Amino acid sequence: MSVDTSFKFDKDYVSKFSSERQEPSWLAELRLQALEQAQSLPMPKPEKTKIDNWNFTEFKHEVSGNKQVAFHELPEAIRELIGKEEEAGSVLVIRNGAVAYHSVTEELKDKGVIFTDFATAVREHGDLVRNYFMKDAVHVDEHRLTALHAALVSSGAFVYVPKNVEVDIPIQAIYFNDDGETGIFNHVLIVTEDNSSVTYVENYLSTNDESPSVANIVSEVFAGAGAKVIYGAVDNFAKGMTTYVNRRGRAARDGRIEWALGQLNDGNTISDNTTHLVGDGSYTDKKTVSIGRGDQKQNFVAHAIHYGKHSESYILTHGVMKDTASSIFNGIAKIEHGATKSNGEQTERVLMLSEKARGDANPILLIDEDDVTAGHAASVGTIDPIQLFYLMSRGISKTEAERLIIHGFLAPVVGEIPLESVKSRLIEVIERKVK
Amino acid sequence: MSTPNLKIEDLHVAIDDKEIIKGLSFEINGGEIHAVMGPNGTGKSTLSAALMGHPKYEVTGGKAFFNGEDLLEMDVDERAKAGLFLAMQYPSEVSGITNADFLRSAINAKREEGDEISLMKFIRELDKKMEVLEMDSSFAHRYLNEGFSGGEKKRNEILQLMMLEPKIAILDEIDSGLDIDALKIVAKGVNEMRSPDFGCLIITHYQRLLNYIKPDKVHVMMQGRIVKSGGPELAERLEAEGYDWIKEELGIEDETVGQEA
Ligand SMILES: Nc1ncnc2c1ncn2[C@@H]1O[C@H](COP(=O)(O)OP(=O)(O)O)[C@@H](O)[C@H]1O
Ligand SMILES: [Mg+2]
């Protein structure tokens with residue numbers, strides 16, 4: 001594997017990048033150390049997907065543009081995602097790596113909730129960030145991409161919810177690249193203290209259909225005891241973007257993390273969504289939809305690791321494969337010894353729309369404890385020609401009939417998604433992708 | 001508008017290279033109701049599926065015209081848009097699509113872009129027709145046929161018939177699995193459609209349904225052909241005496257397809 005070109009970023013570059021942002025020294029040091037580790041660490045090895053030839057090196061790192069604009073100056077595509085300004089609530093828009101728009105409701109401020117971009121967070125809430133950043137959830141030295149992430153992280157968001165605070169209105173972040181070349185090194189850190197709750201929704205978009213770039217994204221979510229986090233995401237990068245996205249959660253006693261992920265990139269993608277159910281009675285629910293089209297290759301992991309007693313995980317994945325796209329869906333429920341009375345359930349369904357597409361559903365149960373329940377179901381199928389005949393016999397065209405069947409196939413996941421905004425955005429992107 | 005017409009000449013249909021329909025001719029016009037009767041396994045469903053364009057059934061010979069146009073050249077959706085309808089013996093279940101969304105897509109498929117049926121009008125029509133069929137309004141929002149009982153599926157086929165208003169409809173065993181009350185309701189739905197602009201081919205192997213929907217002509221099918229045609233009295237005789245007398249008359253030992261010498 002060629003590594004030479006990975007390191008156009010040297011120590012001087014990283015030091016300068018850090019100091020220009022007036023970062024605390026702990027982060028500057030962490031970056032330099034990570035950069036060094038990146039040189040010797042291997043690339044990740046996603047099961048059954050070869051990534052040797054994927055572009056992880058060609059991208060621009062310097063963030064472009066750094067001025068905030070008024071709401072009406074945001075691109076229309078972004079305004080549509082947010083809705084009306086006065087009803088928008090708390091929103092962060094990051095465009096080509098820099099904050100373009102940011103609003104936080106008075107209510108959140110009064111409650112002591114922090115919602116800010118990553119660069120501001122490390123300056124203003126450095127100690128808090130330091131307690132969680134790439135320590136207990138995602139580690140710097142897992143492989144080269146996590147190390148590169150730590151070395152080069154440039155934007156993202158920080159959400160902090162104090163004890164007993166419930167945030168009723170979803171917090172929204174939009175990460176948008178439209179200069180065709182800037183890479184996305186985004187870090188999202190969500191920390192909820194005991195008995196709090198928050199809903200965070202993010203949209204990733206880019207316009208680089210032709211030009212190559214890289215997204216290297218890490219999200220770390222901490223649900224305190226009795227806390228509840230709902231995390232919704234719609235990934236929709238253009239074809240030129242190679243994506244590594246790692247969204248990882250840790251749930252303390254009776255903590256809940258619910259994921260609703262629309263994995264709708266057009267470029268090659270590795271996506272890992274792992275939840276550590278650390279505390280007794282902790283709970284996670286993962287609902288994901290994905291569509292593969294063109295010749296893109298994708299590898300999805302939905303992983304729940306049970307440590308706590310009475311912990312529960314539910315994984316529901318539906319994928320649609322078109323053209324010559326290829327996707328591997330790995331669902332893993334791991335129940336550690338001592339996690340008695342735990343329950344892990346998973347379902348993976350793949351619908352193939354083309355004979356040349358590939359879709360593998362691999363449900364895996366790894367159980368080191370006797371006193372548990374677990375189950376899995378998986379299927380890979382094609383559109384039933386008799387169903388198609390039935391719909392067409394009512395005058396519906398083949399294209400429209402297929403569209404209905406695909407929607408129907410994804411409905412059990414999309415319909416269950418607890419956030420209306422994510423749901424309607426998903427439907428819209430799905431509509432575009434299956435056309 | 002001219003009177004609807006479906007004309008079949010010497011039709012041959014095969015499935016998996018096995019010939020099932022072996023030279024069948026027949027014609028129906030708007031305003032007429034025909035019954036096709038025959039024991040199980042004589043090719044009735046094969047005939048109806050082939051006319052609608054089912055992918056598994058291959059037409060190996062003969063012709064079919066719908067309002068003068070070559071039916072066999074049309075795609076399935078084009079046949080429907082031309083005004084042909086098939087109420088299926090075993091309707092598919094389609095998960096994730098509500099009955100209402102499906103019906104609206106089907107209605108709009110026949111209309112020009114920009115001339116889609118308004119939601120209000122659609123709901124009004126749907127409510128009215130579901131009332132005729134004594135269907136609970138919750139059926140509009142259930143997934144298409146998913147988990148419907150046999151009888152509910154049949155009613156749903158008739159609901160589609162009434163909403164789509166085709167020119168010629170083929171009802172394949174719409175009566176099977178229905179109790180007498182449901183049978184009357186389905187008959188009421190079909191009778192509401194009766195007009196000079198609507199022709200209907202009722203496929204059944206009981207005479208029961210024909211007590212409620214009076215046919216103009218009755219055809220008996222055996223061994224993949226129409227072996228006898230007549231008026232409503234033919235259906236009554238079949239009900240009273242069964243099919244044996246026809247077999248004797250025609251020297252048929254086994255009426256099913258593929259068993260003949
Ligand atoms: N999908 C099929 N595959 C194989 N054979 C079939 C299929 N459908 C019908 N047949 C055969 O065709 C013959 C006629 O069947 P069908 O048209 O269903 O008769 P009917 O509707 O009169 O009961 C039977 O011998 C049946 O076994
Ligand atoms: Mg039949």
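Values computed for the structure shown
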| read-out | value |
| --- | --- |
| All positions within region B:75-106 that are over 16 Å from B:A169 (Cα atoms), at the interface with chain A (Cβ under 10 Å from one of its Cβ atoms) and not in a loop (DSSP other than H, G, I, E, B) | B:T98, B:D101, B:F102, B:L103, B:S105 |
| Residue satisfying all of: in region A:186-245; of a type in the set (F, W, Y) and in a strand (DSSP E or B); farthest from A:I94 (Cα to Cα) among these | A:F222 |
| Unique match (being free of Cβ contacts under 8 Å to residues at least 60 places away in the same chain and either touching a helix residue (DSSP H, G or I) at 6+ places or on another chain (Cβ under 8 Å) or within 28 Å of A:T192 (Cα to Cα) (or both)) among A:S90, A:S25, A:S40 | A:S25 |
| Looking only at region A:388-419, and only at residues there that are within 7 Å of chain B (Cβ to nearest Cβ) and part of a loop (DSSP other than H, G, I, E, B), the one that is nearest to A:S354 (Cα to Cα) | A:S397 |
| Hits in region B:29-74 (condition: assigned to a helix (DSSP H, G or I) and either within 16 Å of ligand 1 (Cβ to nearest atom) or within 14 Å of chain A (Cβ to nearest Cβ) (or both)) | B:K44, B:S45, B:T46, B:L47, B:S48, B:A49, B:A50, B:L51, B:M52, B:L71 |
| A:R253, sole failed condition from (1) in contact with a helix residue (DSSP H, G or I) (Cβ under 7 Å, 6 or more places away or on another chain); (2) open to solvent by 10 Å² or more (accessible area, probe 1.4 Å) | (1) |
| Residues satisfying the stated conditions in region B:170-194, i.e. on the phi > 0 side of the Ramachandran plot and touching a residue at least 60 places away in the same chain (Cβ under 8 Å) | B:E173 |
| Among the residues listed as A:D266, A:D280, A:D295, the single one being over 28 Å from A:L145 (Cα atoms) and not in a strand (DSSP E or B) | A:D280 |
| Within region B:1-19, tally of residues that are of a type outside the set (A, V, I, L, M, F, W, C), under 13 Å from B:G61 (Cα atoms) and crowded, with 17+ Cβ neighbours inside 10 Å | 2 |
| Qualifying residue in region B:92-115 (condition: modelled with pLDDT of 95 or more, surrounded by fewer than 22 Cβ atoms within 10 Å (Cβ to Cβ) and within 16 Å of ligand 2 (Cβ to nearest atom)) | yes |
| Subset of region B:150-169 that is open to solvent by 50 Å² or more (accessible area, probe 1.4 Å) and either without any contact (Cβ under 8 Å) to a residue 12 or more places away in the chain or closer than 20 Å to B:D77 by Cβ (or both) - its residue that is nearest to ligand 2 (Cβ to nearest atom) | B:K167 |
| Whichever residue in region A:231-249 is of a type in the set (K, R) and surrounded by fewer than 23 Cβ atoms within 10 Å (Cβ to Cβ) and, among such residues, is farthest from the chain's Cα centre (by Cα) | A:K239 |
| Failed condition for B:A240, given (1) surrounded by fewer than 16 Cβ atoms within 10 Å (Cβ to Cβ); (2) hydrophobic (A, V, I, L, M, F, W, C); (3) not in a helix (DSSP H, G or I) | (3) |
| Residue list for region A:191-221, restricted to those being hydrophobic (A, V, I, L, M, F, W, C), under 26 Å from A:E420 (Cβ atoms) and touching a helix residue (DSSP H, G or I) at 6+ places or on another chain (Cβ under 9 Å) | A:V191, A:V201, A:L205, A:I217 |
| Residue count, region A:301-316 (criterion: open to solvent by 30 Å² or more (accessible area, probe 1.4 Å) and within 15 Å of A:R256 (Cβ to Cβ)) | 3 |
| Filter pass, A:T373 being within 14 Å of another protein chain (Cβ to nearest Cβ), surrounded by fewer than 18 Cβ atoms within 10 Å (Cβ to Cβ) and hydroxyl-bearing (S, T, Y) | no |
| The lone exception for A:R79 - which of (1) at pLDDT below 95; (2) in a loop (DSSP other than H, G, I, E, B); (3) under 22 Å from the mean Cα position of the chain (by Cα) it fails | (2) |
| Contacts under 9 angstrom Cβ, first residue in region A:72-83 being touching a residue at least 60 places away in the same chain (Cβ under 8 Å), partner surrounded by 13 or more Cβ atoms within 10 Å (Cβ to Cβ) and acidic (D, E), 6 or more apart | A:P75/A:D178; A:A77/A:D178 |
| A:G126 vs. criteria touching a Pro at 6+ places or on another chain (Cβ under 7 Å), open to solvent by 20 Å² or more (accessible area, probe 1.4 Å) and not basic (K, R) | no |
| Single residue of A:K287, A:K297, A:K322 found to be open to solvent by 10 Å² or more (accessible area, probe 1.4 Å) and more than 21 Å from A:V218 (Cα to Cα) | A:K322 |
| B:M135 more than 16 Å from ligand 2 (Cβ to nearest atom), farther than 15 Å from B:M88 by Cβ and either assigned to a helix (DSSP H, G or I) or among the basic types (K, R) (or both) | no |
| Count - residues of region B:207-232 that are out of contact with any strand residue (DSSP E or B) (no Cβ under 8 Å at 6 or more places or on another chain) and either part of a helix (DSSP H, G or I) or surrounded by fewer than 17 Cβ atoms within 10 Å (Cβ to Cβ) (or both) | 3 |
| Candidates B:G43, B:G38, B:G83, B:G30 - the one that is open to solvent by less than 20 Å² (accessible area, probe 1.4 Å) and in contact with a Ser or Thr (Cβ under 6 Å, 6 or more places away or on another chain) | B:G30 |
| Selected residue (only one of A:E23, A:E47, A:E36, A:E29 is modelled with pLDDT under 95 and acidic (D, E)) | A:E47 |
| Residues of region B:148-168 satisfying the condition of being more than 14 Å from chain A (Cβ to nearest Cβ) and either more than 17 Å from the chain's Cα centre (by Cα) or within 19 Å of B:I123 (Cα to Cα) (or both) | B:S149, B:R155 |
| Selection status of B:L183, touching a helix residue (DSSP H, G or I) at 6+ places or on another chain (Cβ under 7 Å), in a helix (DSSP H, G or I) and away from ligand 2 (no atom under 16 Å from the Cβ) | yes |
| Condition met for A:T105 (open to solvent by 40 Å² or more (accessible area, probe 1.4 Å) and not charged (D, E, K, R)) | yes |
| Where B:G147 falls short, out of the listed (1) within 16 Å of ligand 2 (Cβ to nearest atom); (2) in a loop (DSSP other than H, G, I, E, B) | (1) |
| Qualifying positions in region B:174-189 - open to solvent by 10 Å² or more (accessible area, probe 1.4 Å) and within 16 Å of ligand 1 (Cβ to nearest atom) | B:S176, B:G177 |
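The values are calculated or read from the model by the stated rules, or taken from the named source; none is laboratory data. In this text the structure is predicted, and so the values were computed from the model without any measurement. Backbone-built Cβ (ideal geometry, glycine too); neighbour counts: all protein chains shown. Quick note on the areas: whole protein, heavy atoms, side chains included, nothing else; ligands and nucleic acids left out. Shrake-Rupley method; radii C 1.70, N 1.55, O 1.52, S 1.80 Å.
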